[in-house]
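One structure below.
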Amino acid sequence: MPEKGLQKHARALELDKILKLLASRTACDDAAQAAENLTPSTSPEEVGRCLRETDDAYVMMARFGAPPFGGLANVINSLRRAQAGGMLTMAELLKVSGLLRTLRAVVDWRSKSEGVKSCLDDRFSMLMPNQYLENRINNAVLSEDEMADSASQALQAIRRKIRTASSKAREVLDRMTRSSSYQKYLQDPIVTIRGGRFVVPVRAEYRGEVPGLVHDTSASGSTLFVEPLSAVELNNQVRVLQSEEQKEIERILMELSAEAGSFADTVIRGYHTAVELNVIFAKADLAYRMKATLPKINKNGRIVLKNARHPLINPANVVPTNMELGAGFDTLVITGPNTGGKTVSIKTVGLLTLMAMCGLMIPTAENSEISVFDQVLVDIGDEQSIEQSLSTFSAHMTNITGIMKKAGHGSLILLDELGAGTDPVEGAALAEAILESLRAKGARIAATTHYAELKAYALQTPGVENASCEFDVETLRPTYRLLTGVPGRSNAFAISLRLGMEPSVVDRARDLVSQENTKFEDVVQSLEDSRQKLDAEREQARQARVQAEQMRRDAEEKLERVQRDADSELEKAREKASQLVARTRAQADALINELEDMKKQHNKSLTAEQKAKMKAGMRAMERGADPVKKKESGNYILPRPLKAGDMVLIFDIDKKGTVLRPPEGNSKEVLVQAGILQTRVPVSNLRLLNEKPQRTPIRGVTRNVKSCATAKVTTECDLRGQTADEAVMNLDRFLDSALLTGVDQLTVIHGKGTGVLRAAVQQHLKRHPSVKSYRLGTFGEGESGVTIVELK
């Protein structure tokens, strides 16, 4: 616990109000008391641990909701009495049961969030539910004044006998009330109970006609409640049984109390842990209500608050502010008009610092920093004391004197209206001297003032920075924004003019102000104009950055969407290809089987009709296996008959090719070279291109060589296992053959190995006049083990 003087400083910053808000979020009186008794820690390690606990609780509450702490009750005294051999009442046992139920519910809640690791797990592991004791109590005790029949077999038997004896006694009296000889003596023909015994209401004047014991009279005295002699023995039996019942109940209570006492230490330890957890989760709940964040903690006196909000001001009215202290300067001098927010600014710094030191998250933006101080000392508000006969100035000086005695390197000192309440010249000098003394002790200081001398002091002194609360002269309202690095202006002349004061009076006042002060105010105004211009430019840059970020996100989303669509189309294509392959394989198998049957039946010789049927089946299978959707050919007519070497367009697949052999006889198909493939294409599917033939297959060669038109076309050259010289020679021969056949893309297989053969091949391709380009293979082509060559 801090000393009394430090408690006063915390109250001046209204930490006690924050702790009361925290207490209102707890579930039991002990947790509320613990919350109100929280004190700021001066250990960075302890502050960091408390903040981590609060943050973990915050994360778990966001994902799984709050733990069910309702039902926490302090039963320590009851359990200690039971542990000492005392008997607990049914109400006390029900409270013990309620506590056990709450502990079990909290443990069950944690078990549902086991996937999230937390520094609170050690505390959760200390909660030891005792469902056995909980069920024993709940099965025996129905309410604070009722024990269940099933609490024991003896109690059940006694109550059964009580019901039987009561039924007999009532039956005797019921016969009396129905008897015509007795009805005239009764006030009402009913049976009632007085003092635990069955009686009948007898008129007072007929008292002697109904022999028995009088147990009660009515308020008017006209009715006597008489227990007839015939029912006395039966009522006595009921009373004896009721006495036995009470003894059995006490025995059961003693038994339950003894069991509760045997588990007292475990239950009490679980209760204390649950109270601690309740306070931690109350901190998290308060952070959620305040939209608070987890600050960074340091010990070097650096405070960086981003969009800080005073937690006790209505969120709809509070203006977020930025403030730094202890980074480039150790003292901040805040100036500005009254009601401009100066006092709120330094109170916000002090209060948020104390909150963080208590393990509470603070209402700021992310990445704010708080330093852990040994003490936070403040002089805020009117400390005038009538009892001590002190003026405002004297009260302030008394407080500041005490602060100066305590101040040290680990102190945060907040001073409101420093030096006010006395002669301005002396007050300003005294304020400057106080700041110098406190700075010499290594303290971090934030002070508010109206003195222009302190503005100049801040401008001229390293480590001291000016700040001001912005004021809108047009609306005569403060904006409550804190501007670090900008000294505040009094705005007295501008405000007076806006309020209707005669301009001549204001001009005269300006003349009376010293020339140095006027120059200083002009410099301040220039700085303010520059700041506003920079703020506008910074806002424009921020908007541009936000817009660029949005465009980047849109582009990424579009790319992701296109990728998803492409993957979907590829998957569809794979499925369709699989279907085509399966269907084609089935057709091929059928043709093979049919061919085998024909060979067996006709001694391996096929007639022309059978051959034509087989070819037709193969063409049908080829057309069915073609996944390319044919385009409509339209009414195109070739301008002239095709001849070898013509450049044509295969219309349905939009692929260029070269005519190798025009149609012969009645055939309407043309042999076309399209890339590395030769295929027969119907004449109607070709479009004659007005392009110069790339290469025309050579015919009519007079030398004794095999015509390329009939030679087998190959597009691969395997050089593996050859020396570099052999490979180059065979590659050159392969390229010549390809040029003759009209192939324009080749695959040279050289293997991966040491890379010598690949280098020789590529060096030769680089010099070859007919090679347009070459590249290594990609995945599915052979990768670095092959080179893909494109001819001119």
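Legend: translational diffusion of region 28-164 by Stokes-Einstein, Rh = Kirkwood radius over C-alpha pairs, 4 °C, 1.567 mPa s; D = 72 µm²/s.
Computed from the C-beta positions of ILE653 and ASP732, the FRET efficiency with R₀ = 51 Å rounds to 0.95. Among residues other than SER784 with Cβ under 12 Å from its Cβ, the summed charge is +1 (Lys and Arg +1, Asp and Glu -1).
Compactness of region 47-102, taken as the C-alpha radius of gyration over 2.2 N^0.38 Å, stands at 1.65. Neighbours of LYS347, meaning other residues whose beta-carbon lies under 11 angstrom from its beta-carbon, give a summed charge of -1 when Lys and Arg score +1 and Asp and Glu score -1. Restricting attention to region 72-170, which GluC sites (Glu not before Pro) occupy a DSSP loop and are surrounded by at most 16 other Cβ atoms within 10 Å? In loop regions of region 72-170 (DSSP not H, G, I, E or B), the sparsely surrounded GluC sites (Glu not before Pro) are GLU114, GLU144. Note on region 210-315: Lys pairs 8 or more places apart or on different chains, Cα atoms under 27 Å apart, count 7.
If you take all other residues with their beta carbon under 14 Å from the beta carbon of SER568, and give Lys and Arg +1 and Asp and Glu -1, the sum is -1. With kT/(6 pi eta Rh) evaluated at 4 °C and eta = 1.567 mPa s, and Rh the Kirkwood radius from Cα pairs, region 1-77 diffuses with a coefficient of 89 µm²/s according to Stokes-Einstein. Of the trypsin sites (Lys or Arg not before Pro) found in region 62-142, those that fall in a DSSP loop while having at most 12 other beta-carbon atoms within 10 Å are LYS112, LYS117. Only DSSP H runs of four or more residues enter the estimate; each adds -39500 (n - 2.57), and after division by the residues of the chain the mean residue ellipticity at 222 nm equals -16500 deg cm²/dmol.
Long hydrophobic helices in the chain: the complete DSSP H runs spanning 18 Å or more by Cα along their own axis with mean Kyte-Doolittle hydropathy of at least 0.5 are 342-357, 424-440. Where the alpha-carbon atoms of the chain are placed on the principal axes, they occupy 155, 111, 57 Å, in descending order. Our summary of shape: the Cα atoms of region 263-347 have principal axis extents of 64, 34, 18 Å, ordered from largest down, in whole angstrom. At q = 0.20, 0.22, 0.30 Å⁻¹ the log10 of I(q)/I(0) for region 532-593 amounts to -0.83, -0.88, -1.06, computed by Debye summation with a single uniform scatterer per C-alpha, solvent ignored. Dividing the Cα radius of gyration of region 235-292 by its Kirkwood radius returns 1.48 for Rg/Rh. Ignoring aspartates and glutamates fewer than eight residues from LYS168 along the same chain, the ones with Cα atoms less than 12 angstrom from its Cα are GLU233. A probe of 1.4 angstrom, applied to the heavy atoms of all protein chains, finds SER468 with accessible area near 10 square angstrom.
Dimensions of region 90-174 based on its C-alpha atoms, expressed as ranges along the principal axes with the largest first, amount to 72, 19, 17 Å.
The values are calculated or read from the model by the stated rules, or taken from the named source; none is laboratory data. What you are looking at is a predicted structure, and each value in this text was computed from that prediction instead of being measured. Positions of Cβ are backbone-derived with ideal geometry, glycine not excepted, and every protein chain shown enters the neighbour counts. Areas reflect the complete protein model, heavy atoms only, side chains present, ligands, DNA and RNA absent. Shrake-Rupley method; radii C 1.70, N 1.55, O 1.52, S 1.80 Å.
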